[in-house]
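Only the coordinates and a few stated rules stand behind these numbers; no lab work does. Everything quoted here is computed from the prediction, not taken from an experiment. Ideal geometry is used to build each Cβ from the backbone, glycine not excepted, and the neighbour counts take in all protein chains shown.
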Amino acid sequence: MKDRTLLMIPGPIEFEPEVLAALGAPTTSHVDPDFIEVFGQALERMREVWLCPSGQPFVVAGSGMLAMEMAVANLIEPGDKVLVLSTGVFGDRYGELLSLYNAEVTVLRAPLGDTIALEEVEAALKANSYKLITFTHVDTSTGVRVDVKSLGDLGRKYGVLTVLDGVCSVAGEELHQEEWGIDVVLTASQKAIGVPPGLALMVVSPRALAAWRERKAPVASYYMDWNNWLPIMEAYEARRPSYFGTPPVNSIFALNVSLGQILAEGMSERFARHRKLGTACKAAIRALGMSQVSTNSAHAAATLTAPYYPEGIVGSEFLPRVKAASAILAGGLHPEIKARYFRIGHMGATNPGDLLATIGAIETGLRSCGYDCELGAGVAAAQQTLNS
Ligand code: PMP
């Protein structure tokens, strides 16, 4: 039997063979003309994927945490006021990170599984003059998606810089950076961008670059300083050799392949596909009698689903059984409910067949743990959505 266990966690995910082939190809010099062309093209393609024609893309070796920190290191000076909207673990992390940079941080925390009412955000912006507001498009610990477009409107209305953690959303959830007025949209390679872990990616608006240029204090990090990276990004885009730190050559070749695939699919088609997969997975979970961490389907993510275990089911027994049935899922992450739920990622290369196989594996896992569900009920519910 073909050994093909699906990696269905919320990142890293299943990757396209062409992307993996680029990673395994012979490494070139970082100033080889072929690489310069590919890096330049990848930067141009990022603007199209982020839907931000006037933005400045950055590609740096690192994970999503580096991208989060890089935005803060460059935009925040000690004493700056920042409003953090937290819909889970990653929102809370932004608060911690900002405090380390001596920002004056106010955290608005959503009730578990919920979002923060826009009126509450607006009241906070009215009451205080913030330099910057951060929010997480999809918090991977809860599967909650926030209303980025409305938050972008508020950012512009109150003259506040907006920083979006799009690690679990970019190239999966609908996002129009420029039209929606978001100043920094950051992500990592291993989720809907479709490239193995290793790249921190972001696109920065002209307004944010202007704020960075006006800062008084120097950036307190050498590696993350845009002063070091901006000339490099500009040089590659102008197809000129350049060097600050050795770029992850193979990862950037792989990134360009994946961005090409994403654009060939089309952004609106890609957003719609993710929405459909997300809706289908959630329908299956409901059909199997499970509830979800996100309390309102209107703000449940397209890129992942976070179901609570049924009564009596324990993750340490259930997850290995699902794996034995060929799908790897993730356990819980949010400290308040860590042992009570699990997470299914369905983004990037995930196709309807992968999702159906995963739901089948979940049914098998549930049954073998003694849960009384009808085999096929989840698959049928997902099929209804996928075929609608
Ligand atoms: N933000 C969000 C929303 C995430 O899901 C993650 C990763 N799970 C991160 C930030 C951090 O990314 P990384 O693990 O690549 O550092």
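Charged side chains reduced to their Cβ positions (Lys and Arg at +1, Asp and Glu at -1) give the stretch 310-388 a dipole of some 220 debye around its Cα centre. In the chain, helices alone account for a calculated mean residue ellipticity at 222 nm of -13500 deg cm²/dmol, with every DSSP H run of four or more residues adding -39,500 (n - 2.57).
Counting other beta carbons within 10 Å of each Cβ, put Cys373, Cys168, Cys52, Cys281 in order, fewest first.
Cys373, Cys52, Cys168, Cys281
When trypsin sites (Lys or Arg not before Pro) are flagged only if DSSP places them in a loop and at most 10 other Cβ atoms lie within 10 Å, the longest unflagged stretch of the chain comes out as 5-215.
Give me the count of lysine pairs in the stretch 17-265 whose alpha carbons sit under 20 angstrom apart, restricted to pairs 8 or more positions apart or on different chains. So the count of such lysine pairs works out to 10.
Note on the chain: with charges restricted to the Cβ of Lys and Arg (+1) and Asp and Glu (-1), its dipole about the Cα centre is near 280 debye. Glu120 sits among other residues whose Cβ lies under 14 Å from its own Cβ, and their net charge, with Lys and Arg +1 and Asp and Glu -1, is -2. A straight chain from Thr246 to Ala349 at 0.36 nm per residue would run longer than the Cα-Cα distance by 34.2 nm. Sparse packing (at most 15 other Cβ atoms within 10 Å of the Cβ) combined with a DSSP loop state is found for the following GluC sites (Glu not before Pro) in the stretch 251-329: Glu311. Between Val185, Val170, Val82, the residue with the greatest mean-square fluctuation in the GNM of the chain (Cα pairs under 10 Å linked by springs) is Val82. Pairs of C-alpha atoms in the stretch 143-249 farther apart than 18 Å represent 58 percent of all such pairs.
Roughly how big is the stretch 116-246's charge dipole about its Cα centre, with Cβ charges of +1 (Lys, Arg) and -1 (Asp, Glu), in debye to the nearest 20?
Values: 13 positive and 16 negative charges, 100 e Å.
Here the size comes out at about 480 debye.
Here, the stretch 35-166 is characterised by an Rg to Rh ratio of 0.98, where Rg is the alpha-carbon radius of gyration and Rh the Kirkwood radius. For the pair the stretch 170-222 and the stretch 125-164, the centres of their Cα atoms are 14 angstrom apart. From least to most packed, judged by other beta carbons within 10 angstrom and beginning with the fewest, His30, His274, His137 follow the order His30, His274, His137. In the stretch 17-265, taking the dipole from charged Cβ atoms about the Cα centre, the farthest positive-side position among Tyr158, Ala171, Pro197 is held by Tyr158. Rounded to the nearest 10 degrees, the angle from helix 226-237 to the longest Cα principal axis of the chain is 80 degrees.
I'd like the orientation of helix 148-157 relative to the chain: the angle between its Cα long axis and the longest Cα principal axis, in ° from 0 to 90, rounded to 10. The helix 148-157 is inclined about 30 degrees to the chain. Other residues within the sphere of radius under 15 Å centred on the Cβ of Glu104, judged by their own Cβ, net out at -1 (K and R +1, D and E -1). Candidates Val72, Met233, Gln56 compared by Cα position along the dipole of the chain: farthest toward the positive end lies Val72, with charges placed on Cβ.
Which net charge results when you count Lys and Arg as +1 and Asp and Glu as -1 among the other residues whose beta-carbon is under 10 Å from that of Ser86? Neighbour charge sum, excluding Ser86 itself: 0. Quick one: Debye curve from the alpha-carbon atoms of the chain only, equal weights, vacuum; give me log10 I(q)/I(0) at q = 0.10, 0.13, 0.14 Å⁻¹ to two decimals. With no solvent term, the Cα-only Debye profile gives -0.64, -1.05, -1.19.
Within the chain, antiparallel bridges make up roughly 50 percent of the DSSP beta bridges whose residues both belong there.
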